[in-house]
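> If you scroll down you'll find the structure; I have some questions about it.
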Amino acid sequence: MHSLRSRSPLLPAAALAVAVLVSGCGGQSTTASTASASPAAATAAATPSPALTITDPWIKTGGKGMTAAFGTLVNNTDAELTVVSGASPLSPTVELHEVVDSGGKMVMRPKKGGFVVPARGSHQLAPGGDHIMLMGVTGKVEPGAEVPFTLTLADGSTLQFTAIGKDFAGGKENYQPGEGKH
């Protein structure tokens, strides 16, 4: 087996550069310098794992009025994270909602305290449960539409993502003005 050194005299120098840059301050130069040594090293050095991510984000298709977004929030830290608000250019009013039983009827209402995502855990946003509610939607959401969102956490950090428009006929909730209690 040949050593890496015998194949390329530049690899030891590049590896040393990566080690120095990774141990120092990060920045654009880190990405550029490490990219020539190893694409995987460049990604790991320049992109730390975000504290909060979302998997499979989607938004219910429909016309103007109300709709909701869903997905699974994933906490990549050893501490509990709390999502306290949301925003989207599609709607002037975005609220974090839950669906609860109230006198035998399922009703949507703002979720007091926001969405708590346990350490190294997840929190599902799904029809009939917790969701991101958009009210006063300014345009139609078509299948495949890409709708940007920003979620804000209790510590002031944010998560930006894009939800994809999906037709959804299931569940008993209806995200239209005047139908259901908010």
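> Gly113 is checked against (1) in contact with a Ser or Thr (Cβ under 9 Å, 6 or more places away or on another chain); (2) surrounded by 12 or more Cβ atoms within 10 Å (Cβ to Cβ) and fails just one. What number does that condition carry?
All conditions pass for Gly113, except number (2).
> Could you grab me the full set of residues in region 90-104 that are surrounded by 12 or more Cβ atoms within 10 Å (Cβ to Cβ) and outside any strand (DSSP E or B)? Please lay out each step first, then the result.
Taking region 90-104 first, the residues surrounded by 12 or more Cβ atoms within 10 Å (Cβ to Cβ) are 90-100.
Residues satisfying the conditions are Leu90, Pro92.
> Mind checking which residues of region 111-153 are over 19 Å from the mean Cα position of the chain (by Cα) and either part of a loop (DSSP other than H, G, I, E, B) or of a type in the set (Phe, Trp, Tyr) (or both)?
Lys112, Gly128, Thr138, Gly139, Lys140, Glu142, Pro143
> Could you tell me whether Ala145 is of a type outside the set (Lys, Arg), open to solvent by less than 40 Å² (accessible area, probe 1.4 Å), touching a strand residue (DSSP E or B) at 6+ places or on another chain (Cβ under 6 Å) and over 23 Å from Leu52 (Cα atoms)?
Values: of a type outside the set (Lys, Arg): yes; open to solvent by less than 40 Å² (accessible area, probe 1.4 Å): yes; touching a strand residue (DSSP E or B) at 6+ places or on another chain (Cβ under 6 Å): yes; over 23 Å from Leu52 (Cα atoms): yes.
The answer is yes for Ala145.
> Could you check how many residues of region 119-138 are in contact (Cβ under 8 Å) with a residue 40 or more places away in the chain and in contact with an Asp or Glu (Cβ under 6 Å, 6 or more places away or on another chain)?
Of the residues in region 119-138, the ones in contact (Cβ under 8 Å) with a residue 40 or more places away in the chain are 119-128, 131-138.
When the remaining residues are screened for being in contact with an Asp or Glu (Cβ under 6 Å, 6 or more places away or on another chain), the result is 119, 133.
Total meeting the criteria: 2.
The values are calculated or read from the model by the stated rules, or taken from the named source; none is laboratory data. Just so we're clear, the structure is a prediction, and the values are computed from it rather than from any experiment. Note that each Cβ is placed from the backbone with ideal geometry, even for glycine, and that neighbours are counted across all protein chains shown. Ligands, DNA and RNA are excluded from the accessible area calculation, which covers all protein heavy atoms including side chains. Shrake-Rupley method; radii C 1.70, N 1.55, O 1.52, S 1.80 Å.
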